[in-house]
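The values are calculated or read from the model by the stated rules, or taken from the named source; none is laboratory data. Keep in mind it's a predicted model, so treat the numbers as computed, not measured. A quick note on method: Cβ atoms are made from the backbone with ideal geometry, for glycine too, and the neighbour counts reach across all protein chains shown.
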Amino acid sequence: MNRTRNSAIRGLSLYVLLSAGLITAHYYSPVVRQIFQFAAVIGVPVHFLASLPSTVLERMQGKLEPTDQLRRNYAALREHNLILQARLHRFEFLESENIRLRRLLSAVPATAEKVTLAALVAVNPDPRGQAVLINKGSADGVFQGQPVVDAGGIVGQVTRPGMFRSTVSLVTRENQGIPVQVARSSLRAVIYGGGRNRPLRVLYLDRNSDIRTGDLLVTSGLAGRYPAGYPVALVTAVERNLSESFMSVAAEPTSHLGSEREVLLLWLSALDQPVASDLLDSEGELVD
């Protein structure tokens, strides 16, 4: 044991003396300093290779994370992804809503002086009622007989305006008539509602009148109730009977009849106000 300790002391003493000699030579001898500089240049790659494993390990320790932390990050990213997907669906819905509203507003001719957007509150469950309820009333300027349209055309007219809600009778309501004209031939007529799940009826047309299946019927502007130019119905059937003076014409409404969430209330402009000559029929009688 003592022998081993003495050997270690002698070896250590040798290294101490060698180190002291090299330090002294480096301090006093320029030649030794130059040798040290060359040795330092040669030792750079050796030091780099020797320190490479520890350097790589230190950098990897800064990037590697515990498993629990990775799981938390994954859960957070997944939650964020779900939120973004939900927002994307919402943006898609809003985009479709904007397209639908632009289509609704584009259905208004330039002659309409004022329009108001109204939302449907309820549909009358009574099949005979043929009416819907909207969230606008007399407080918003709504009046009885005011025309109502949607993206397809004429929906009907306000029949019972309340303070904040109003009832709109649909064009399909029986005995409700609308002065129309055939868009193709400008033939004037009156179209009446036929009731629930029944076609509209065009009455009192001479059997030789210029009307055919597929014709579009638009408001003529007569009687001052509906402004001219709004689609009302498409002719679906025309029957001519030689034994009768009048033909039988059936049509389907172009509007969505309350299936849309919004409708437009119209105010007539000065251009849509009827003149006396427009209110006279072929026999000179005043149109109701």
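Only residues that are closer than 12 Å to P179 by Cβ and touching a Phe, Trp or Tyr at 6+ places or on another chain (Cβ under 9 Å): list them for segment 205-220, please.
Those that are closer than 12 Å to P179 by Cβ and touching a Phe, Trp or Tyr at 6+ places or on another chain (Cβ under 9 Å): V218, T219, S220.
How many residues are touching a Gly at 6+ places or on another chain (Cβ under 6 Å) and over 18 Å from V115 (Cα atoms) if we restrict to segment 145-183?
9
Do you know which residues across segment 245-255 are in a loop (DSSP other than H, G, I, E, B) and modelled with pLDDT of 85 or more?
Result: M247, T254, S255.
Output the number of residues of segment 211-253 satisfying the condition of being touching a residue at least 40 places away in the same chain (Cβ under 8 Å) and acidic (D, E).
1
So E113 passes all but one of these: (1) surrounded by 14 or more Cβ atoms within 10 Å (Cβ to Cβ); (2) in contact with a helix residue (DSSP H, G or I) (Cβ under 8 Å, 6 or more places away or on another chain); (3) at pLDDT below 85. Which condition number does it fail?
With respect to (1) surrounded by 14 or more Cβ atoms within 10 Å (Cβ to Cβ); (2) in contact with a helix residue (DSSP H, G or I) (Cβ under 8 Å, 6 or more places away or on another chain); (3) at pLDDT below 85, E113 is out only on (1).
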